[in-house]
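The values are calculated or read from the model by the stated rules, or taken from the named source; none is laboratory data. Keep in mind the model is a prediction, meaning the values are calculated, not measured. Methodologically, a virtual Cβ is constructed for each residue, glycine included, from the backbone with ideal geometry; neighbour enumeration extends over all protein chains shown.
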């Protein structure tokens, strides 16, 4: 799982959208408080890879200096929690459910927004 997490962080830090999206399944469901702000969506939920790609594209524009620093990877059964420094140096965790090496569900949590 550590190699997956390292590749995921490297993709985000490159800001290469295709590399970022390579980690997600077509039927991804993604929850985040940042979705509420960027998409003006009170549910904070995105479903589907193409919709997620559009959201990530907007997020990369909104946060041009975005850089992740991975602190810990917590492994579960077909899942992981990544603990890292995120937007504006805020602490974040993402609980990721994986299927066949792709992320099918994410629940992001931030210490401060």
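Key figures for this structure:
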{"item": "Pair list, Cβ under 8 Å, 6 or more apart: region 79-107 residue closer than 14 Å to residue 67 by Cα, other residue crowded, with 18+ Cβ neighbours inside 10 Å and modelled with pLDDT under 95", "result": "87/34; 92/86"}
{"item": "Flag if residue 4 is within 25 Å of residue 77 (Cβ to Cβ), in contact with a helix residue (DSSP H, G or I) (Cβ under 9 Å, 6 or more places away or on another chain), surrounded by 14 or more Cβ atoms within 10 Å (Cβ to Cβ) and touching a residue at least 60 places away in the same chain (Cβ under 8 Å)", "result": "no"}
{"item": "Selected residue (only one of 58, 36 is over 19 Å from residue 93 (Cα atoms) and surrounded by fewer than 17 Cβ atoms within 10 Å (Cβ to Cβ))", "result": "58"}
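Okay, residues lined up against (1) over 15 Å from residue 12 (Cβ atoms); (2) surrounded by 13 or more Cβ atoms within 10 Å (Cβ to Cβ):
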site: 42; (1), (2): yes, no
site: 46; (1), (2): yes, yes
site: 73; (1), (2): no, yes
site: 87; (1), (2): no, yes
site: 91; (1), (2): yes, yes
site: 94; (1), (2): no, yes
site: 99; (1), (2): yes, no
site: 111; (1), (2): yes, no
